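Here the structure comes first, spelled out in structure tokens, and everything after it is commentary.
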Amino acid sequence: MTTTQRLLGTVAGIGLASGMAATAMAQDTTITIATVNNGDMVRMQGYTDQFTEETGIGVEWVTLEENVLRQRVTTDITTGGGQFDIMTIGMYEAPIWAANDWLVPLDDLSDDYNAEDILPAMRAGLSYNGTLYAAPFYGESSMIMYRTDLMEEAGLEMPEEPTWQFIREAAAAMTDRDADINGICLRGKAGWGEGGAFIMTMANSFGARPVNEDWEPQLDSEAWAETLTFFTEMMAESGPAGYATNGFNENLSLFQQGKCGMWIDATVAASFVTNPEESEVADSVGFALAPSAEGVDKKANWLWAWALAIPAGTEQADAAKQFIEWSTSTDYIELVAENEGWANVPPGARTSLYENENYADVPFADLTLASIDAADPTNPTVDPVPYTGVQFAAIPEWAGMWGQVSQEFSAAYAGQQSVEEALEQGQAIMTDALEAAGY
Amino acid sequence: MARAVSSRRKAINTAVAWAIGLLIFFPILWTILTSFKTEAQAIADPPIFLGFDWTLENYRIVQERSNYMRFLWNSVIIAGFSTILGVIIAVPAAWSMAFVPSRRTKDILLWMLSTKMLPAVGVLYPIYLICIELGVLDNRVALVVIIMLINLPIIVWMLYTYFREIPGEILEAARMDGASLRNEILYVLTPMAVPGIASTVLLNFILAWNEAFWTLNLTAVNAAPLTAFIASYSSPEGLFFAKLSAASTMAIAPILILGWFSQKQLVRGLTFGAVK
């Protein structure tokens, strides 16, 4: 046998062996779960052995960065690839995928699971035509996190329901450029789920809306001009340098190092900024509801959940459902509380968690619930809109379209164009996208 | 005097070369340093260069959470076999283009290169559907073939360039001595082109090792290589830079070591061609 023949033989042999190994693995009772690398999800992976012990079902995890995961699971579900038995999806995907019959309805969960215990706002956002299609693992809204010591030094007191005007004044009073303290840190980074999500909630609280009832773009309205002008002016006065590229992680880093007076962002950040091992300001953080403009009853807070859903076509739907019932149950919450304390349980999913006396001691528990309750995905704006969702419209075109619009906004934050130009560009992008999609 | 000027120039050149080298290597160095910090130290502002409490905690956590060896083995298989397969196909292809060119040879070479100009995402769905149809999603063999095909134009181009520098008369002499085509390529051409083939193999092994689009999109559990291992530590909601750095260091370490030991061969092949 010649060298070449041996080499080809080896290649073919390894190929055959790989194929056989893959087939053998598929025969086990093992479910594959695609998920994100967020703290609560990582924690859940640590308890998987317990689930396997109780049920005999093996679990394989595919953990990916959020944007990679979105592309990966979307490709798989739209082509029927069948790579995953459970997918971690957000409130944006759930109703859209359910409408396309891509998800298994979760309408036959056991009585012990008590699906009625899921927070109403979460249930509404993860349902389609009244049927639940994804079980929330953890939910979040957004709220104000602020430095109580700086607020006191400024001689101010955070109201229960602050206005944007108060926030702007307080930010200016807390700003100390010499000490490297910025009065306020907010997301400016392009992306529909980054700065694009924040500015949507701010627009809601200024009485603006992205489209009218007939899906006609409204970025040329007075309310949008007011929103964006207020935002850019406030950030120029009191925001950090280069805020146009700051997202969640950048602001978290600034806040934890004591460089932000206030930060309006996801409620899950509360556990990070109050953790003394990670945060230099852990003992001086206060919380308040997201602000609104004077005279507007909509607050600038979003609603989001990371939820577990079963793709239609999986051959292990029963095992997948068993895992979902286990991981999103009250028993799981108690398991985490027992081992890691109540501050580390997945928040924002179940009503009973907020009725639990032990959880009441967690400093941000009440505000998290109040923020979630203040967000209404079915009625997010002052004037009516034809979509559901608070910081997004639950239509397939939104991610691409609003991603582009937010790039225009970020260019305005970076001083590359004016607010008027950004809104003009955004209006044109939306008009083209919505017309092309037949709205 | 002339000698002193020459020495000074030499010293300056060396210093500049070191400075540029360090500048290029700095991101990797920073990643390695960050992997030994705590999460709080990793995001400290101003950044801490060396004055921190060194810890192996991140490596312990990464080791505990992930099956590193499985990812590593998949990377070795995918990068190794895609490179070998690519070279086996590219050597005869480059031979024919270098020594028996036709009127269309240059067009074919350009056409091959043009396939690299299409963004990978443009063919994601067709490739994904083909993999479903053939039942090879999350399969190492499929990735070996796909990555080999992606890198094949570069392998052919590189080998073609090296072969062109080998005098055709040597091959003619071999033919006159009665060598068959196979023997001509295997026993005459290949030994003369060893530096070129070696640098081609090394460069393509590195490219295949770092390939992140197809390896992330076509794998799940069984065939996921180290690119998927790194991606599992990136988080948009939470600061896990130290752990991400530890995972990155573990992923690049094998290729860094390989590159270190083979740098002489790599540089020689890339800078001097085949038989200069």
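The values are calculated or read from the model by the stated rules, or taken from the named source; none is laboratory data. Quick caveat: nothing in here was measured; it's all calculated off a predicted structure. A quick note on method: Cβ atoms are made from the backbone with ideal geometry, for glycine too, and the neighbour counts reach across all protein chains shown.
Taking the range B:42-69, which residues are touching a residue at least 60 places away in the same chain (Cβ under 8 Å), surrounded by fewer than 21 Cβ atoms within 10 Å (Cβ to Cβ) and within 11 Å of another protein chain (Cβ to nearest Cβ)?
Selection gives B:Ile61, B:Ser66.
If a residue must be touching a Cys at 6+ places or on another chain (Cβ under 6 Å) and within 22 Å of A:Gly39 (Cα to Cα), how many such residues does the range A:256-297 contain?
Qualifying residue count for the region: 1.
Select the helices (runs of 4 or more DSSP H) contained entirely in the range A:312-394, then report the ones holding at least 3 residues which are closer than 30 Å to A:Thr29 by Cβ and out of contact with any strand residue (DSSP E or B) (no Cβ under 8 Å at 6 or more places or on another chain).
Once the helices (runs of 4 or more DSSP H) in the range A:312-394 are filtered for at least 3 residues that are closer than 30 Å to A:Thr29 by Cβ and out of contact with any strand residue (DSSP E or B) (no Cβ under 8 Å at 6 or more places or on another chain), what remains is A:317-327, A:330-340.
Taking the condition at pLDDT 95 or above, among the aliphatic types (A, V, I, L, M) and under 27 Å from A:Gly389 (Cβ atoms), does A:Val73 pass?
Taking the combined requirement at face value, the residue does not satisfy it.
What about B:Ala179, is it farther than 20 Å from B:Ser82 by Cβ and part of a loop (DSSP other than H, G, I, E, B)?
Judged against the criteria, B:Ala179 is a match.
Regarding the range A:159-171, can at least one residue be identified that is basic (Lys, Arg), surrounded by 18 or more Cβ atoms within 10 Å (Cβ to Cβ) and in a loop (DSSP other than H, G, I, E, B)? Step through it out loud before you land on a result.
Applying the first criterion (basic (Lys, Arg)) to the range A:159-171 yields A:168.
Adding the requirement that they be surrounded by 18 or more Cβ atoms within 10 Å (Cβ to Cβ) leaves A:168.
Now drop any that are not in a loop (DSSP other than H, G, I, E, B), which leaves none.
No, every residue in the range A:159-171 fails to be basic (Lys, Arg), surrounded by 18 or more Cβ atoms within 10 Å (Cβ to Cβ) and in a loop (DSSP other than H, G, I, E, B).
(1) outside any loop (DSSP other than H, G, I, E, B); (2) at the interface with chain B (Cβ under 10 Å from one of its Cβ atoms); (3) surrounded by 17 or more Cβ atoms within 10 Å (Cβ to Cβ): which one isn't true of A:Phe84, the others all being true?
So the condition that A:Phe84 fails would be (1).
State whether the residues of the range A:337-346 include one that is under 20 Å from A:Glu161 (Cβ atoms), buried (at least 22 other Cβ atoms within 10 Å of the Cβ) and under 19 Å from the mean Cα position of the chain (by Cα).
Taking every residue of the range A:337-346 in turn, none turns out to be under 20 Å from A:Glu161 (Cβ atoms), buried (at least 22 other Cβ atoms within 10 Å of the Cβ) and under 19 Å from the mean Cα position of the chain (by Cα).
Looking at A:Met91, A:Met44, A:Met122 in this structure, which one is within 14 Å of chain B (Cβ to nearest Cβ), crowded, with 16+ Cβ neighbours inside 10 Å and under 30 Å from A:Leu289 (Cα atoms)?
Details: A:Met91 fails: within 14 Å of chain B (Cβ to nearest Cβ); A:Met122 fails: within 14 Å of chain B (Cβ to nearest Cβ).
Answer to the selection: A:Met44.
Residues checked against (1) more than 30 Å from A:Thr32 (Cα to Cα); (2) hydroxyl-bearing (Ser, Thr, Tyr); (3) assigned to a helix (DSSP H, G or I):
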position	(1), (2), (3)
B:Ile61	no, no, yes
B:Ile77	no, no, yes
B:Ala90	yes, no, yes
B:Leu113	yes, no, yes
B:Val123	no, no, yes
B:Leu137	no, no, no
B:Leu143	no, no, yes
B:Ile146	no, no, yes
B:Val156	yes, no, yes
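Being away from chain B (no Cβ under 12 Å) and of a type in the set (A, V, I, L, M) is the filter; apply it to the range A:245-280 and report the residue that is farthest from A:Ser205 (Cα to Cα).
Here the answer is A:Ala270.
Looking only at the range B:240-249, which residues are over 18 Å from A:Val273 (Cα atoms) and either at the interface with chain A (Cβ under 10 Å from one of its Cβ atoms) or in contact with a Pro (Cβ under 9 Å, 6 or more places away or on another chain) (or both)?
B:Lys243, B:Leu244
Give the residues of the range B:205-239 that are more than 7 Å from chain A (Cβ to nearest Cβ), surrounded by fewer than 24 Cβ atoms within 10 Å (Cβ to Cβ) and of a type in the set (Val, Ile, Thr), sorted by residue number.
Across the range B:205-239, the qualifying residues are B:Ile206, B:Thr227, B:Ile230.
Looking only at the range A:58-73, how many residues end up being buried (at least 18 other Cβ atoms within 10 Å of the Cβ), over 16 Å from the mean Cα position of the chain (by Cα) and more than 9 Å from every other protein chain (Cβ to nearest Cβ)?
Final tally of qualifying residues: 2.
Give the residues of the range A:416-439 that are surrounded by fewer than 22 Cβ atoms within 10 Å (Cβ to Cβ) and in contact with a helix residue (DSSP H, G or I) (Cβ under 8 Å, 6 or more places away or on another chain), sorted by residue number.
A:Gln417, A:Ser418, A:Val419, A:Glu420, A:Glu421, A:Gln425, A:Ile429, A:Ala433, A:Leu434
Could you list, in sequence order, all residues of the range A:395-415 that are within 21 Å of A:Asn246 (Cα to Cα), assigned to a helix (DSSP H, G or I) and among the hydrophobic types (A, V, I, L, M, F, W, C)?
Here is the first cut: in the range A:395-415, the ones within 21 Å of A:Asn246 (Cα to Cα) are A:399-415.
Imposing the further condition that a residue be assigned to a helix (DSSP H, G or I) reduces the set to A:399-413.
Correct list: A:Ala399, A:Met401, A:Trp402, A:Val405, A:Phe409, A:Ala411, A:Ala412.
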